Amino acid sequence: MEIFALLDCIISPACLLSQAAGGLKIGMLLFLVASGLTLVFGVLGVINFAHGALYMLGAYFSWQIMSITGHFGLSVILGALGVGIFGLLFERILISRVYNADLLVQILLCYSVVLILDDLVMIIWGDEFLSSVGVPEVFQVPPLFIFDAIIPPFHLAIISMSFIVGLILWFIMTKTRFGRLVRAAAVNPKMLEALGININLLRACVFMLGSFLAGLGGALAASVGSVVSGMGNSIIIESFIVTVIGGMGSISGAFLASLIIGMARSFGAVAMPLFTDGLMFLIMVLVLVLRPQGLMGNKK
Amino acid sequence: MLFLNKDNFQRDVFLGLLVWLILIMFYFIFPDPGIHDIIQKVFILGLFAMSLNILIGYLGLIAFGHAAFFASGAYTLGLFLQSDFVSNLASFSIPVAMLLAVLVSGILATLIGAICIRLKDIYFSFLTLAFQMLIYSIILALVNITGGDQGLMGGFPKPPFLGINLGKPFDFYAFTIFISIITIVILRQIIESPFGYGLRMIRDNSERPAALGFSNQKHKLIAFIIAGSIAGLAGSLQALLDVGAYPEWAFWSKSAEPLFMILLGGMHSFLGPLMGALIFEILNDFVTANTRYYGLVLGLVILCFVLGLKKGLLDWILIKFNRK
């Protein structure tokens, strides 16, 4: 462990700021994906192991749309919407059959979908890495220098966009009728059904929203990194970590946990480059042992 | 004794030896090394899956980090065989290293299990997953000892002991199956003992045994330790087979493999996971020989089992058979 490297970084404004910005970018991208996972768990009670595969699908969809239209904004939005629709079908055809099944069955069902999708994208798009969609032209400018810290403007765009999506999500969940229904469904779905609410429709909508968020995360990731089959297999574990640390089903908790994980990854890379992932799992273990319901979760 | 059920012990030993002899004859009847390879892998992975099924099938705890113990068994064996301390034992080095592998995995399972069993349901699953990934990260970080992401490099010696030379394919085949069958017979005793029925009781209604003055936590911990130790044994056999150990064995997807086997074979029959391992290996062999898209086929098969049969093959057969 290189504790002096970390100290050196913290006292230098340039390093501190660029690592913090890097951590914020990682954390906010993670929040997009993890918020979908935690939303689906909170309302449907299903651990969607295929969430990472949906993220991957988002990256492929947006890559495909980008190569046809060449329009960045369109590729991100249509890519995410495509995954939303895919998620809707996935929920109706498969997930809805296992709502009352036990945990193992749900996990295996989702994991089989991961295996199938990982191979399907290879069949459709080939098994080579697809080079990233690329940063849109507006952002192809020299990076900003703030206190000598190098900050690419596109990263700022990703951070603010994720932040706006988070705000919209917060608004939907707390201020709209739909959000109130969703929160009620998480607490007592039977009562909601008795009151004449179509619970199946609600569940499908929530799953679609969750998939949309995964797809959005994947579409944005495709603009900064390469697209490859199996790219969802690490994000899904990170999303689990965020979901657990924040409290399962809590979106505000996911926000907080994403920031913690983003910073842990960014500064961990300075302090202990070989153990950056280990640091995340250590935090996860500590939270589960000391506060199993998560930082913002309610005790059952 | 709490762990012994004498009634069936002799019968099980007899059956086990019989199966072993049949499989040895099988070795000579079908000289194809590919088939031998499948059979010994079925036993190694079957042990791994059966150990996990103690927790899943008999205790109802969905452990999602079982590969941690498989990997710890493999790495312990490899590292000890590379060390001077064990390799100086010459002809005893392999049995000693295997014992140490089981012991270290058992100690690891004690530490991890003691913490994990305090949690329930999905939280238990997540904590086992977190511990496993922590161990995976440690293996990657300790490059000097474990070889990092390259795996344990340089191989290790396999000196003969008691006239068994594991370097020879036949010796390895007979030895692996023998060790596996002994372990399965012992496991059968444990599962059919009062202790084993205690586990089922906790699974079906955890409040009742507690009210009867039964220590649920103690039973869970012992089951966790037994499961971890057997997984460690399976890992050590795998390491002997491959003459090495790889970090992927500690990755979460390795924990999914025994889950598939349990699903395919059945979690409510004792030998179900072993049958699952057989299906898994045959499928693996058949599919990889014909297509690159192994995941696609495996995924579809799992989907059929989850949504169609809704139980493992052996469970299904036994239910059909009993009805008639």
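Restricting the range B:147-161 to residues that are open to solvent by less than 30 Å² (accessible area, probe 1.4 Å) and either under 21 Å from A:ALA269 (Cα atoms) or under 20 Å from the mean Cα position of the chain (by Cα) (or both) leaves a set whose member that is farthest from the other protein chains (Cβ to nearest Cβ) is B:GLY147. Within this structure, A:ALA214 passes the test of being more than 14 Å from every other protein chain (Cβ to nearest Cβ) and open to solvent by less than 40 Å² (accessible area, probe 1.4 Å). Given the condition more than 21 Å from B:SER269 (Cβ to Cβ) and at pLDDT 85 or above, answer yes or no: does some residue in the range B:55-65 qualify? Yes, the range B:55-65 has at least one match.
Within the range B:137-161, residues that are in a loop (DSSP other than H, G, I, E, B) have Cβ atoms under 7 Å from residues that are exposed (fewer than 14 other Cβ atoms within 10 Å of the Cβ) in these pairs: B:GLY147/B:MET153; B:LYS158/B:GLY167; B:PRO159/B:ALA90; B:PRO159/B:SER91; B:PRO160/B:SER91, counting only partners at least 6 apart in sequence or on another chain. Which of (1) under 30 Å from B:SER125 (Cβ atoms); (2) away from every other protein chain (no Cβ under 14 Å); (3) open to solvent by less than 40 Å² (accessible area, probe 1.4 Å); (4) not hydroxyl-bearing (Ser, Thr, Tyr) is the odd one out, the single condition A:VAL187 does not satisfy? Going through the list (1) under 30 Å from B:SER125 (Cβ atoms); (2) away from every other protein chain (no Cβ under 14 Å); (3) open to solvent by less than 40 Å² (accessible area, probe 1.4 Å); (4) not hydroxyl-bearing (Ser, Thr, Tyr), A:VAL187 breaks only (3).
Scanning the range A:157-181 for residues that are under 15 Å from the mean Cα position of the chain (by Cα) and either touching a residue at least 12 places away in the same chain (Cβ under 8 Å) or outside any helix (DSSP H, G or I) (or both) turns up A:ILE158, A:ILE159, A:MET161, A:SER162, A:PHE163, A:VAL165, A:GLY166, A:LEU169.
Is it the case that A:ILE251 is open to solvent by 10 Å² or more (accessible area, probe 1.4 Å), β-branched (Val, Ile, Thr) and more than 14 Å from chain B (Cβ to nearest Cβ)? Taking the combined requirement at face value, the residue satisfies it. Listed by first and then second residue, the pairs linking a residue in the range A:116-128 that is more than 17 Å from A:GLY225 (Cβ to Cβ) to a residue that is among the aromatic types (Phe, Trp, Tyr) and surrounded by 12 or more Cβ atoms within 10 Å (Cβ to Cβ), with Cβ atoms under 8 Å apart and 6 or more places separating them unless they lie on different chains, are A:ASP119/B:TYR293; A:ASP119/B:TYR294; A:MET122/B:TYR293; A:ILE123/B:TYR293; A:ILE124/A:TYR60. Scanning the range B:71-102 for residues that are in a helix (DSSP H, G or I) and without any contact (Cβ under 8 Å) to a residue 12 or more places away in the chain returns B:ASP84, B:PHE85, B:LEU99. Considering (1) within 12 Å of chain B (Cβ to nearest Cβ); (2) crowded, with 22+ Cβ neighbours inside 10 Å, the lone condition that A:SER234 does not fulfil carries the number (2). Being open to solvent by less than 10 Å² (accessible area, probe 1.4 Å) and among the aliphatic types (A, V, I, L, M) is the filter; apply it to the range A:70-93 and report the residue that is nearest to the other protein chains (Cβ to nearest Cβ). It comes out as A:VAL83. Every test in (1) part of a helix (DSSP H, G or I); (2) open to solvent by 40 Å² or more (accessible area, probe 1.4 Å) is passed by B:ARG118 save one, and that test is (1). Exactly one residue among A:ILE172, A:ILE245, A:ILE168 is of a type in the set (A, V, I, L, M, F, W, C), out of contact with any Ser or Thr (no Cβ under 8 Å at 6 or more places or on another chain) and open to solvent by less than 10 Å² (accessible area, probe 1.4 Å), and that residue is A:ILE245.
Out of all the residues in the range B:285-308, is one or more buried (at least 19 other Cβ atoms within 10 Å of the Cβ), within 23 Å of the chain's Cα centre (by Cα) and under 19 Å from B:ALA227 (Cβ atoms)? No.
Per-residue answers, yes or no, for (1) of a type in the set (S, T, N, Q); (2) within 14 Å of chain A (Cβ to nearest Cβ):
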position	(1), (2)
B:ASN8	yes, no
B:VAL19	no, no
B:HIS36	no, no
B:VAL42	no, no
B:ALA63	no, yes
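Across the range A:42-55, which residue is most open to solvent (accessible area, probe 1.4 Å) among those that are more than 17 Å from A:ARG97 (Cβ to Cβ) and at pLDDT 90 or above? My answer is A:TYR55. Taking each residue of the range A:184-201 that is closer than 22 Å to A:THR174 by Cβ and looking for partners that are exposed (fewer than 11 other Cβ atoms within 10 Å of the Cβ) and among the basic types (Lys, Arg) with beta-carbon atoms closer than 9 Å, six or more apart or interchain, yields A:ILE199/A:LYS190.
In this structure, is A:PHE61 open to solvent by 50 Å² or more (accessible area, probe 1.4 Å), of a type outside the set (D, E, K, R) and closer than 14 Å to A:GLY210 by Cα?
no
In the range A:36-50, the qualifying residues are those that are of a type outside the set (Val, Ile, Thr) and assigned to a loop (DSSP other than H, G, I, E, B), and the one that is nearest to A:MET296 (Cα to Cα) is A:GLY45. Taking the range A:94-124 as the search range and keeping residues that are part of a helix (DSSP H, G or I) and farther than 23 Å from A:ASN233 by Cβ, which one is farthest from the other protein chains (Cβ to nearest Cβ)? Only one residue tops the list, namely A:SER96. Remark: pairs (first residue in the range B:31-50, open to solvent by 10 Å² or more (accessible area, probe 1.4 Å); second residue not in a helix (DSSP H, G or I); Cβ separation under 6 Å; 6+ apart in sequence or on different chains) are absent. Please name all residue pairs, on different chains or six or more residues apart, with Cβ atoms under 6 Å, provided the first residue is in the range A:223-240 and is touching a residue at least 12 places away in the same chain (Cβ under 8 Å) and the second residue is outside any strand (DSSP E or B) and acidic (Asp, Glu). As it stands, the answer is A:SER229/A:ASP118; A:GLY230/A:ASP118, since those pairs meet every condition given. All of (1) assigned to a helix (DSSP H, G or I); (2) in contact with a Lys or Arg (Cβ under 8 Å, 6 or more places away or on another chain); (3) within 14 Å of chain A (Cβ to nearest Cβ) hold for B:LEU129 with one exception: (2). Residues in the range A:125-146 that are exposed (fewer than 13 other Cβ atoms within 10 Å of the Cβ), modelled with pLDDT of 75 or more and more than 14 Å from chain B (Cβ to nearest Cβ): A:PHE129 alone.
Condition check ((1) open to solvent by 40 Å² or more (accessible area, probe 1.4 Å); (2) more than 14 Å from every other protein chain (Cβ to nearest Cβ); (3) among the small types (Gly, Ala, Ser)) across all residues:
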position	(1), (2), (3)
A:ALA219	no, yes, yes
A:GLY230	no, no, yes
A:MET280	no, no, no
A:LEU286	yes, no, no
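Select, from A:ILE236, A:ILE251, A:ILE197, the only residue that is farther than 30 Å from A:ILE11 by Cβ and touching a His at 6+ places or on another chain (Cβ under 8 Å).
A:ILE236
The helices (runs of 4 or more DSSP H) found wholly in the range B:221-324 and carrying at least 3 residues that are within 25 Å of B:SER180 (Cβ to Cβ), away from every other protein chain (no Cβ under 11 Å) and at pLDDT below 90 occupy B:272-290, B:313-323.
The values are calculated or read from the model by the stated rules, or taken from the named source; none is laboratory data. Worth saying up front: this structure is predicted, and the values here are computed from it rather than measured. Here Cβ is always computed from backbone atoms with ideal geometry, including for glycine, and neighbour counts include all displayed protein chains. For the accessible areas, the whole protein counts, side chains as well, though only heavy atoms, and no ligand, DNA or RNA atoms are used. Shrake-Rupley method; radii C 1.70, N 1.55, O 1.52, S 1.80 Å.
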